[in-house]
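The values are calculated or read from the model by the stated rules, or taken from the named source; none is laboratory data. The model shown is predicted, which means the values in this text are computed figures rather than measured ones. Neighbour counts run over all protein chains shown; Cβ positions are idealised from the backbone, glycine included.
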Amino acid sequence: MKKIIAAGALGLLALMSILAYALSFSLDFLSSQKFVINGRQMEFPVIDYNGHVYVPLRFVAENMASDVGYNASTGITSIDQHSVRFDDVVAAPKPEVVYEKRLGNGSVWMQDIPLLQGNSCWAGCIQDPRSDLTMLKQAEYPAVDVKPGAYIGIRYPKGMEPKRMESSFITNVGGKEKFMVINMDQGRIRLPGEPGIYSILLRSYWDQGDTTYLFAVKIS
């Protein structure tokens, strides 16, 4: 009987030791934290362990415009960072705008199109009283040579895509700017077949703000 009581006492002592050790650490799987990643505020569940916050690797990678993968045979986790560009003034995600130039051999060469910053508001704001066409003219923007019916591709970094994106042709009619909406197809603009210089406005919207960019193409 004494042996049984002694064994029970030892077991209770061991259990109390384990509980005391466990209680010395704070582990909470139900916590949530607010994150601001590249200007976007989000709230996600986290693991709060002993005063330190842990988030899944995939969550961090995907929200930093990266792809994360795991190779089961090697046990290696890979993270590939995409090219991420931010506007120098308002700190908003900057799109990659390219002319999809088709070559004679059937291949496609992506030619970067330079962008002129328009009125935008994100971490900071730009409010220029000049008209869009005036801004292009005074900046001496060189129109990019393109072929009739070509495509302009517009792409944002993964995880930073706007909620809505609009584009328009800008023309001057009787001294006033007129905007003709362009129907975009999965982030692409189909250019007209008629020769001429076309000024284009690209506007993107997020919950945090909006950006405007201008560029011009010469169809010949």
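Observations, loosely collected:
- Residue match in segment 113-125 (condition: touching a Lys or Arg at 6+ places or on another chain (Cβ under 8 Å), part of a strand (DSSP E or B) and surrounded by 13 or more Cβ atoms within 10 Å (Cβ to Cβ)): no
- Residue that is surrounded by the fewest Cβ atoms within 10 Å (Cβ to Cβ), among those in segment 143-161 that are assigned to a loop (DSSP other than H, G, I, E, B) and out of contact with any Lys or Arg (no Cβ under 9 Å at 6 or more places or on another chain): Pro148
- Just one of (1) closer than 18 Å to Val89 by Cβ; (2) at pLDDT 95 or above fails for Tyr198. It is (1).
- Qualifying residue in segment 143-163 (condition: touching a Pro at 6+ places or on another chain (Cβ under 6 Å), of a type outside the set (Gly, Ala, Ser) and without any contact (Cβ under 8 Å) to a residue 60 or more places away in the chain): yes
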